[in-house]
1. Could you check segment 139-196 and list, in sequence order, the residues that are charged (D, E, K, R), in a strand (DSSP E or B) and either open to solvent by less than 50 Å² (accessible area, probe 1.4 Å) or closer than 23 Å to S242 by Cβ (or both)?
2. Among the numbered criteria (1) part of a loop (DSSP other than H, G, I, E, B); (2) open to solvent by 40 Å² or more (accessible area, probe 1.4 Å); (3) in contact with a strand residue (DSSP E or B) (Cβ under 7 Å, 6 or more places away or on another chain); (4) closer than 29 Å to P11 by Cα, which single criterion is violated by P228?
3. Which of the residues spanning segment 5-46 are open to solvent by 40 Å² or more (accessible area, probe 1.4 Å) and of a type in the set (F, W, Y)?
4. Those residues that are over 22 Å from the mean Cα position of the chain (by Cα) and touching a residue at least 60 places away in the same chain (Cβ under 8 Å), I need them from segment 217-247; list them, please.
5. Quick one: would you say R112 is in contact with a helix residue (DSSP H, G or I) (Cβ under 9 Å, 6 or more places away or on another chain) and surrounded by fewer than 18 Cβ atoms within 10 Å (Cβ to Cβ)?
6. Could you go through segment 197-216 and let me know if any residue there is of a type outside the set (S, T, Y), free of Cβ contacts under 8 Å to residues at least 12 places away in the same chain and part of a helix (DSSP H, G or I).
7. Which ranges mark the strands (runs of 3 or more DSSP E) fully within segment 9-118 that have 3 or more residues being free of Cβ contacts under 8 Å to residues at least 40 places away in the same chain?
8. Mind listing just one residue for me: the one in segment 123-138 that is part of a loop (DSSP other than H, G, I, E, B) and modelled with pLDDT of 95 or more and, of those, surrounded by the fewest Cβ atoms within 10 Å (Cβ to Cβ)?
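The values are calculated or read from the model by the stated rules, or taken from the named source; none is laboratory data. Remember, predicted model here, so these are calculated numbers, not experimental data. Don't worry about glycine lacking a Cβ; one is built from the backbone with ideal geometry, like all the others, and counts go over all protein chains shown. All accessible areas refer to the heavy atoms of the entire protein, side chains included, with ligands and DNA or RNA removed. Shrake-Rupley method; radii C 1.70, N 1.55, O 1.52, S 1.80 Å.
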Amino acid sequence: MSNMAILRPLPISAVAAALGTGAANLLTPDPKEVWTATNGAGVYYIDLDMGAAVSVDTLFAGHLTPGTGLQLHSATGMGTGRVVVGNVGALVAIPARPLHGFLKLAAPVVSRYWSVGIVAIANPSVGIIALGTAFQPTFNREWGGGRFLIDTGAKEELLGGGYAIGEGAIKIGFRWTFGDLTDTDLDALYALAADRGETKPIVVAEDPDATAGLNERLHYGLFGRLEPYERETANRTRWGLSMTEWT
């Protein structure tokens, strides 16, 4: 088990894909705006220009087609000089859950150009591509946090005993507390939260290890209400946070 990770997706200046349609959709935060392949099975490359050299140790690919595998390449240009820096095997679908891929490198790699290889047995689709350096605290989150469910639909009990139902989406949220943030951790997390606020997306991995149940531990969405942190002693701060998935 590894310490919880929070990824702030870095801005992407340009995206291109030789095969498929909707590559520009990957520049938006909405996971329902997708890139879709058009040429059967194979390896598809989504090429990214970050606008400047950036440090990357984490890849998140969200709302994927089941069976998809992932490759992360640094590159010398858009679609040129690709060098594999990590890969993820075929992903298994979880009923009633979006399928996500997550790759955490052993050490950061610096490059302006990146390429994400989508390996699929059929025409894949991808809703989110996020790259960056993940925040991981020195000490993991406290016990006691957990997931919660939000149903955006509405129901009204009828006089006859039934219900009038307006179906919505069922979303997952996650609430946790960091109880032992060092001053360095606090500065990094505060900068991340100040950059994202409550309206810019984040990726939360409850435990980023590539073990059974990883898909359920991955969440793409927005911070909940950002409550004040609590300074306890020198070099020790407590901060309770939450987030809700974007579905």
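1. R147, D151, K171, R175, D180
2. With (1) part of a loop (DSSP other than H, G, I, E, B); (2) open to solvent by 40 Å² or more (accessible area, probe 1.4 Å); (3) in contact with a strand residue (DSSP E or B) (Cβ under 7 Å, 6 or more places away or on another chain); (4) closer than 29 Å to P11 by Cα applied to P228, the lone miss is (3).
3. Within segment 5-46, Y45 is the sole residue that qualifies.
4. Across segment 217-247, the qualifying residue is only R238.
5. So R112 does not fit the description; no.
6. no
7. The qualifying strands (runs of 3 or more DSSP E) are 83-88.
8. T138
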